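Asker: One structure follows; several queries about it will come next.
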Amino acid sequence: MNLSKTFLAILFLGFVYLLPAQTTLVVEEATDTTKPEKVVVDHSNLFQMFTEAEEEVWYLKGDVQLRQGNTFMSCDTAILFVDENNVIAYGNVLIQQGDSLAVYADSLFYNGNEKIADLFGNVSLTSEDQQLFTEQLRYDMETRVATYFTGATLTTDSTQVTSRRGYYYVSTREAFFKDTVFVVNEKFSMVCDTLKYNTETKLATFLGPTRIDQNKSKIYCESGFYNTSTQNAKLFDNAQFVKEDQQGTADTIIYDGNLDEVIMEGNAKFKEKDKNATADRIVHEEKTGNTRMEGNAIFDSEDQHIESPIIIHDKEKETYVTAGRSTVIDGTSILKADSINFDDAAGLGYAQGNVVWVDTAEQITIVCEEADYQKDTDYILARGGRPLLITIVDEDSLFMTSDTLVSLRANPEDSMRTIRAYNDVRIYKTDLQGICDSLEYSTEDSIFYFYQDPIIWSDTTQFMADTMQIQMSDNKIDKIYLQDNSFIINSPDGFFFNQIKGKKIVAFFEEDELDRMKVEGNAETVYYILDEEDSYVGVNKTLCSEMLLYFGDNNVKKIHYFNKPTGNYAPLDKINQGDFILEGFQWEIKKQPKSFEDLFD
C-alpha cells in the first residue's frame, strides 16, 4: 500500500472519530429528483467508514441519529450502506414519522430506496393512543402500512386485539387482523378468523367466522361489524346468539349492548325454555325479557300456538298482544281475530275484530266481533254483532245467533263443553229453526235447553212450551221435550192446522223426521183427516189424559188415546174452522227464521 494514501486514510478516520455530535454526514451527489432521498446521518458518537465489495459502508455507534425526509431514526449502533441506501440498526431502535408515529425495536433493517423498515425484537408501534406490539414488523414509510406475520397485539383505550397476521394502516387508523384473532375489552371478548378494526371509530368489521361474549351472551356470525365503543353490532351470514336458556338465529342480527336489545331480521328464530318464536323480524329486550315479533310471526309455548303479523310477548307479566289477523291454537280450540290480548299468568284473554273460535273436537264454531277468553276452563264469552254459533247436526250446519254466547268446559280435565246463549236466540238449519230468550247446550248429554217463550219449527210443524229440550243422538235430533203449556201445530198447507196440546209432550224423530208424539196431562188434539188421495174429508177434536200420535210425511197418520177419550168428528163441509182452534193457539210463522240472513235482522 502506498504510504502516503495509508497516512491520508488514517488521518481521515481520525478526523471522523473526532466529529462533534451536531455534524451531519451525507454522500454528496448531484441533485436528481428521480432518485430516492438518501439517508442522512445527523449524529453519532463513533463513525467508521470502510469499503466492502466495492461498496462504501459507514459504521455508526453511540447515540446514532438518522433521517430521511420527515422520518427520523435513532439507535445505539447502525451500519449505513451508502450506495444501496440501506441501514442496519441495533439497540434501542426508534423510528419517528411526523408527530403521530413512533416505532421501537431491538434491531432494524431499513431499505432507504423503498422506504421499508423491517424491525425485530420487542417491536412497539405507537400512533396517538394506539400501540402495536410484536416480535417482527415491516413498516412501509410511503404507504404508512405496518405488516406482521408472527403474531401481534394492538391496544387502544380499553380494547386489546391479538392475531397471528395483520396489517395496520397508520393514515386511516385501520387494522386488518388474520388467523386466530382475539379481541378483549372490559365489557366483552371476541374471537374471529379475520377482522378489520378502525381504531378511531372503534368499528370492528368481521370478515370471517366470529364469536362475541358479552353480558353472558354468546354471539356468532360469519360477517358483520361491531362498535366496541357503543357496543352495537350488526351480524350477517349464519348469525346467531345464545344467552343462558335463550337462543336466536336470523339472516341479520342487530345487537345493542347498552340497551341490551337484540334485533333479528330475516328468517328470525328465537327460543327460550319451552317458548319458540319465528318471524320476519324479532326484537328481544334482554333487561325486561319482552319479545316483539313482526311479519309472519309464530309463537309457540308449551300448550299454545300463535300466528299473527305482530306478536308482543311480555315475559314478566306473562302476557301477549297481537295485531293484525291472528290465530291462537290451544289444544282442540282455535281462536282467530284481528287482535288478541292474553294474560298467561291469569289465563285470561281478549279478542277483537272478526273473531272466529273453533272447537275442533266438538265441531263447534263461534263468530263474533269481540270475545273474552279463559284458558283453564276453555271459556269464551262472545258478544258484538250478533255472535254466531255453527255446529254440525245430521251432516248439516246448524246456525245460532244471540246477543251473547258463552262456551266453557265445566271440568278442564275432560272435553265436555257447555254452551249458553241469551237474549234473542235464533236458530237456523235447513230442516229446523227456532227462537227463544235463552238457551243452553251440553255436549255431555247432547241436549239443547230452551228457556222463555221458545218456539221450534221442524218442516211444517211448530213446537211451543214454557221450556223445551232437544235431545241429540249421533249428531241427529232424537227427541224434543216440551214442558208446561206445551202446544204443537202442524200445517202442511198453512190453512188447516193440526193441533196437539198438553202439559208434557215428547216428540220422537227417526232419520231426522217426526215419527211419533206422546202427550201427557190434559191432552187435546185437533187433526184433519185425509182420504186415500190425501184430500181433507173432516176434522176430529179429542180430549183425554194421554195420547200417542203417529206421523208420516209430516202428517198425522194415527192417534192412540188412553183413559176414555172424549171428542167429536165433523165433515169438512160442515165445520166452522174457528170452532177447531184450541185455547192458546199461536201460529208464529212470521217469527220463523227462514234463511241464514234472518238470524241477524
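Only the coordinates and a few stated rules stand behind these numbers; no lab work does. Note that the structure is a prediction, hence the values are computed from the model and not measured. Cβ coordinates were reconstructed from backbone atoms using ideal geometry, including for glycine residues, and neighbour counts include every protein chain displayed.
Asker: Just grab the label-to-label distance for Gln592 and Asn522, each label 7 Å out from Cα along the Cβ direction, in nm (one decimal).
Answerer: My value for the distance between the label points is 2.7 nm.
Asker: In addition: Going by how many other beta carbons lie within 10 Å of each one, how would you line up Ser473, Ser308, Ser100, Ser333, fewest first? Intermediate values should be presented prior to the final figure.
Answerer: Numbers: Ser473 10, Ser308 28, Ser100 14, Ser333 22.
Listed from fewest to most nearby Cβ atoms, that is Ser473, Ser100, Ser333, Ser308.
Asker: Computed on alpha carbon atoms, what radius of gyration and Dmax characterise the range 298-437, expressed in Å?
Answerer: My reading of the Cα-based Rg and Dmax gives 15.2, 52 Å.
Asker: A further question on this structure: Can you sort Asp378, Asp424 from fewest to most other Cβ atoms within 10 Å of each residue's own Cβ? Let's see the in-between values first.
Answerer: Working: Asp378 19, Asp424 15.
By the 10 Å Cβ count, ascending: Asp424, Asp378.
Asker: Let me ask something additional. Report the net charge of residues surrounding Arg173, where surrounding means a beta-carbon distance below 14 angstrom and charges are Lys +1, Arg +1, Asp -1, Glu -1. Each step should come with its number before you reach the end.
Answerer: Values: positive: Arg144, Lys196, Lys202; negative: Glu128, Asp129, Asp157, Glu174, Glu200.
So the environment of Arg173 carries a net charge of -2.
Asker: Here's something else I'd like to know. Checking a compactness column here: for the range 454-596, what do you get for Rg(Cα) / (2.2 N^0.38 Å), N being the number of residues? Before the final figure, lay out the partial values.
Answerer: Details: Rg = 14.6 Å, N = 143, 2.2 N^0.38 = 14.5 Å.
Against the empirical 2.2 N^0.38 Å value, I get 1.01 for the range 454-596.
Asker: For Met416 and Thr288 in the same chain, what is the full-extension length gain: residue separation times 0.36 nm, less their Cα-Cα distance, in nm? It would help to have the intermediate numbers written out before the result.
Answerer: Numbers: separation 128, 0.36 × 128 = 46.08 nm, distance 3.92 nm.
Answer, rounded to one decimal: 42.2 nm.
Asker: Here is a follow-up. Determine one quarter of the surface area of the Cα convex hull of the range 500-553, which equals its mean projected area, and express it in nm² to one decimal.
Answerer: Numbers: hull surface 15.8 nm².
Averaged projected area of the range 500-553's Cα convex hull equals 4.0 nm².
Asker: Another question about this same structure. State the answer as a single residue: which of Gly112, Val40, Asn198 lies farthest towards the positive end of the charge dipole of the chain, with beta carbon charges of +1 for Lys and Arg and -1 for Asp and Glu, about the Cα centre.
Answerer: Farthest towards the positive end: Val40.
Asker: Treating the beta-carbon of each Lys and Arg as +1 and of each Asp and Glu as -1, no other charges, what is the dipole magnitude of the range 454-596 about its Cα centre, to the nearest 20 debye?
Answerer: On the way: 15 positive and 23 negative charges, 110 e Å.
For the range 454-596, the charge dipole is close to 540 debye.
Asker: Using 7 Å Cα-to-Cβ label points, what is the Ser545/Ser442 separation (nm, one decimal)?
Answerer: 3.2
Asker: Also, I was wondering about something else. Which part of the range 438-478 falls in the paramagnetic zone of Leu408, meaning amide N under 17 Å from the point 7 Å along Cα-to-beta-carbon?
Answerer: 439-444
Asker: Quick check: pseudo-label points 7 Å beyond the Cα along Cα→Cβ at Thr143 and Asn238, how many nm apart are they?
Answerer: Reported label-point gap for Thr143 and Asn238 is 3.0 nm.
Asker: Additional query: Report the extension gain between Gln352 and Ser229 in nm, rounded to one decimal, defined as 0.36 nm multiplied by the number of residues separating them, less their alpha carbon distance. Show your work: numbers first, answer last.
Answerer: On the way: separation 123, 0.36 × 123 = 44.28 nm, distance 4.53 nm.
Separation in residues times 0.36 nm, less the Cα-Cα distance, equals 39.7 nm.
Asker: Where in the range 36-64 is the amide nitrogen less than 12 Å from a point lying 7 Å along the Cα-to-Cβ axis of Asn92?
Answerer: In the range 36-64, the label zone of Asn92 (backbone N under 12 Å from the point 7 Å along Cα→Cβ) covers 45, 62-64.
Asker: For a quick check: with amide H placed at 1.01 Å from N, whose amide H comes under 5 Å from Glu286's, ignoring anything fewer than 5 positions away on the same chain?
Answerer: The answer is Glu261, Val262.
Asker: With a cut-off of at most 15 other beta carbons within 10 Å, and DSSP calling the residue loop, which GluC sites (Glu not before Pro) in the range 441-518 qualify? Please list them. Each step should come with its number before you reach the end.
Answerer: Numbers: sites: Glu444, Glu510, Glu511, Glu513; in loops: Glu444, Glu511.
Here the GluC sites (Glu not before Pro) that fit, given the DSSP loop and packing criteria, are Glu444, Glu511.
Asker: Answer with a single label: of (1) 1.49; (2) 1.06; (3) 0.94, which was calculated as Rg/Rh (Cα atoms, Kirkwood Rh) from the structure in view?
Answerer: Computing Rg/Rh (Cα atoms, Kirkwood Rh) and matching it to (1) 1.49; (2) 1.06; (3) 0.94 gives (1).
Asker: Only sites in a loop by DSSP and with at most 10 other Cβ atoms within 10 Å count here; which trypsin sites (Lys or Arg not before Pro) in the range 376-482 make the cut? Intermediate results must be reported in sequence, preceding the final value.
Answerer: Details: sites: Arg383, Arg409, Arg417, Arg420, Arg426, Lys429, Lys476, Lys479; in loops: Arg409, Arg417.
Answer in residue order: no site qualifies.
Asker: Here's a follow-up. Given R₀ = 22 Å, FRET efficiency for Asp424-Lys476 by Cβ-Cβ distance, to 0.05? If you can, show how the numbers build up before the last one.
Answerer: Working: r = 27 Å, r/R0 = 1.21.
It comes out at approximately 0.25.
Asker: Just want the answer: with Cβ charges of +1 for Lys and Arg and -1 for Asp and Glu, which residue in Gly208, Val506, Ile79 is farthest toward the dipole's positive end in the chain?
Answerer: Ile79
Asker: While we're here: Starting from 0.36 nm per residue, how many nanometres of slack lie between Gln483 and Thr327 once their C-alpha separation is accounted for?
Answerer: Details: separation 156, 0.36 × 156 = 56.16 nm, distance 4.24 nm.
The Gln483-Thr327 span can extend by a further 51.9 nm.
Asker: Separate question: With 10 angstrom as the radius, rank Phe596, Phe508, Phe47 by how many other C-beta atoms surround their C-beta, starting from the fewest. Mind showing how you got there, number by number?
Answerer: Details: Phe596 14, Phe508 17, Phe47 22.
Ranking Phe596, Phe508, Phe47 by Cβ neighbours within 10 Å, fewest first, gives Phe596, Phe508, Phe47.
Asker: Projected onto the charge dipole of the chain (+1 at Lys/Arg Cβ, -1 at Asp/Glu Cβ, origin at the Cα centre), which of Ser595, Ser402, Val321 gives the Cα projection farthest towards the positive end?
Answerer: Of the options given, the answer is Val321.
Asker: What's log10 of I(q)/I(0) for the range 269-310 at q = 0.18, 0.19, 0.26 Å⁻¹, Debye sum over Cα points only, no solvent?
Answerer: After summing over all Cα pairs, the log10 values are -0.44, -0.49, -0.89.
Asker: While we're looking at this one, here's another question. How big is the dipole moment of the chain about its Cα centre under a simple scheme where the beta carbon of each Lys and Arg is +1, that of each Asp and Glu is -1, and everything else is neutral? Debye, nearest 20, please. Intermediate results must be reported in sequence, preceding the final value.
Answerer: Working: 54 positive and 101 negative charges, 215 e Å.
Its charge dipole is roughly 1040 debye.
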